[in-house]
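**Q** Sharing a structure below in structure tokens format, with a few things to ask.
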Amino acid sequence: MMTMNDILHQIQTGRSTIYDVDRFYIEPQKIISLCYKIRSLFFPEHFPLKTSEEEALKFIHDELDKQILRVDMDHERVADLFVERLPAIQQILYKDLEAIYNGDPSAKTCTEIILSFPGFLAVLFHRIAHELYDLGVPILPRLISEHVHEKTGIDIHPGARIGEYFCIDHGTGVVIGETAVIGDHVRIYHGVTLGVRNFRKDEDGNLLKGGKRHPDIGNRVIIYANATVLGGDTRIRDDSVIPAGALILHTPETFV
């Protein structure tokens, strides 16, 4: 029978045998707390700050600087660029808020949306994660997206490009893939998937990474509950309405 020391030795020596380990010391809760701090900076009336706004902004910059350093990047440059983009993120979130208020009959006030709507929380976190993704930050954007996925049931890859005035109604089960591109004034409902039709492989049958895999959605499109749109070459034209439960594998002629 093995001793405890024997078992521990096997665990320790076996850690790196299956996959390449990126030796980053990451603190997931720090980056998630940072996102909530940004939310408070954007909406202090609803999520009061415990410090001045000046101190909060400095904390966001400095803490992000530390976390990016842990993934071995040019941390000062990236933190500076990210903080410079915060006003633009705030403005697009106001447009998302307007879209939800105007598009959801159940939304009585913007305060209600900010405090309780899972779709708005998911989009807020996505806007933050996407900026970090665009700046080339590894791992941290996925930590952000998976946190809000766990909280809301809405799974948006940080790489997805989403236009202005975006509304997710209800939201549970929504999946938006990495290379999806969504236009302005788009509204989607629970259970919608913007996904992959099939995976490319090399001549040896190995999965090929990267490439355009997810659909493009035009402007002013509505996609109703549990519709599935698949494929990197699939385009949904402007002003289309996709019915509930539809399965779309190629660019349709029209959906109205």
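The values are calculated or read from the model by the stated rules, or taken from the named source; none is laboratory data. No experiment lies behind these values; they were computed from the predicted model shown. Methodologically, a virtual Cβ is constructed for each residue, glycine included, from the backbone with ideal geometry; neighbour enumeration extends over all protein chains shown. For accessibility, only protein heavy atoms count, side chains too; no ligands or nucleic acids. Shrake-Rupley method; radii C 1.70, N 1.55, O 1.52, S 1.80 Å.
**Q** Looking only at residues in the range 215-256 that are aliphatic (A, V, I, L, M), free of Cβ contacts under 8 Å to residues at least 40 places away in the same chain and open to solvent by 60 Å² or more (accessible area, probe 1.4 Å), which one is nearest to TYR165 (Cα to Cα)?
**A** VAL256
**Q** For the structure I just gave you, tell me whether ALA129 is open to solvent by less than 20 Å² (accessible area, probe 1.4 Å), under 30 Å from GLY173 (Cα atoms) and of a type in the set (A, V, I, L, M, F, W, C). Outline the logic, then answer.
**A** Details: open to solvent by less than 20 Å² (accessible area, probe 1.4 Å): yes; under 30 Å from GLY173 (Cα atoms): yes; of a type in the set (A, V, I, L, M, F, W, C): yes.
Yes.
**Q** While we're looking at this one, here's another question. Given the residues ILE113, ILE128, ILE89, which is the only one that is within 17 Å of CYS167 (Cα to Cα), among the hydrophobic types (A, V, I, L, M, F, W, C) and in contact with a Phe, Trp or Tyr (Cβ under 7 Å, 6 or more places away or on another chain)?
**A** Exactly one of ILE113, ILE128, ILE89 is within 17 Å of CYS167 (Cα to Cα), among the hydrophobic types (A, V, I, L, M, F, W, C) and in contact with a Phe, Trp or Tyr (Cβ under 7 Å, 6 or more places away or on another chain), namely ILE113.
**Q** While we're on this one: Which members of the range 192-211 meet the condition of being charged (D, E, K, R), free of Cβ contacts under 8 Å to residues at least 40 places away in the same chain and part of a loop (DSSP other than H, G, I, E, B)?
**A** If the condition is that a residue be charged (D, E, K, R), free of Cβ contacts under 8 Å to residues at least 40 places away in the same chain and part of a loop (DSSP other than H, G, I, E, B), then ARG200, ASP202, GLU203, ASP204, LYS209 are the ones that fit.
**Q** Now for a different question. Do the conditions hold for SER145, that is, is it closer than 19 Å to ILE38 by Cα and of a type in the set (Ser, Thr, Tyr)?
**A** Details: closer than 19 Å to ILE38 by Cα: yes; of a type in the set (Ser, Thr, Tyr): yes.
Considered against the rule, which asks whether it is closer than 19 Å to ILE38 by Cα and of a type in the set (Ser, Thr, Tyr), SER145 comes out as yes.
**Q** It is to be established whether one or more residues within the range 177-198 are more than 20 Å from the chain's Cα centre (by Cα) and either modelled with pLDDT under 95 or small (Gly, Ala, Ser) (or both).
**A** Yes, some residue in the range 177-198 is more than 20 Å from the chain's Cα centre (by Cα) and either modelled with pLDDT under 95 or small (Gly, Ala, Ser) (or both).
**Q** Right, something else. In the range 111-124, which residue that is more than 18 Å from HIS190 (Cα to Cα) and of a type outside the set (D, E, K, R) is most open to solvent (accessible area, probe 1.4 Å)?
**A** Looking at residues that are more than 18 Å from HIS190 (Cα to Cα) and of a type outside the set (D, E, K, R), I get LEU115.
**Q** Also, I was wondering about something else. Output the residues belonging to the range 87-118 that are small (Gly, Ala, Ser) and either under 23 Å from LEU140 (Cβ atoms) or touching a Lys or Arg at 6+ places or on another chain (Cβ under 8 Å) (or both).
**A** Residues of the range 87-118 that are small (Gly, Ala, Ser), as a first pass: 88, 99, 103, 106-107, 116.
ALA88, ALA99, GLY103, listed by residue number.
**Q** Let me spell it out: the conditions are (1) surrounded by fewer than 16 Cβ atoms within 10 Å (Cβ to Cβ); (2) under 18 Å from HIS46 (Cα atoms), and ALA88 meets all of them except one. Which number is the exception?
**A** (2)
**Q** Next question. Are there any pairs, at least 6 apart or on different chains, whose C-beta atoms fall under 8 Å, with the first in the range 121-135 and assigned to a loop (DSSP other than H, G, I, E, B) and the second open to solvent by less than 10 Å² (accessible area, probe 1.4 Å), and if so, which?
**A** LEU135/VAL78; LEU135/PHE82
**Q** In addition: What number of residues in the range 93-102 are buried (at least 18 other Cβ atoms within 10 Å of the Cβ) and of a type outside the set (Asp, Glu)?
**A** 4
**Q** Next up: So which of TYR19, TYR25 ends up being within 29 Å of LEU135 (Cα to Cα), surrounded by fewer than 16 Cβ atoms within 10 Å (Cβ to Cβ), out of contact with any helix residue (DSSP H, G or I) (no Cβ under 8 Å at 6 or more places or on another chain) and modelled with pLDDT under 95? Lay out the reasoning, then the answer.
**A** Working: TYR25 fails: out of contact with any helix residue (DSSP H, G or I) (no Cβ under 8 Å at 6 or more places or on another chain).
Going through TYR19, TYR25 in turn, just one is within 29 Å of LEU135 (Cα to Cα), surrounded by fewer than 16 Cβ atoms within 10 Å (Cβ to Cβ), out of contact with any helix residue (DSSP H, G or I) (no Cβ under 8 Å at 6 or more places or on another chain) and modelled with pLDDT under 95: TYR19.
**Q** Kindly provide the set of residues from the range 137-189 that are among the hydrophobic types (A, V, I, L, M, F, W, C) and surrounded by fewer than 20 Cβ atoms within 10 Å (Cβ to Cβ), ordered by number.
**A** Within the range 137-189, the first condition is being among the hydrophobic types (A, V, I, L, M, F, W, C), and the residues that meet it are 137, 139-140, 143-144, 148, 154, 156, 160, 162, 166-168, 174-176, 180-182, 186, 188.
Result: ILE139, VAL175, VAL181.
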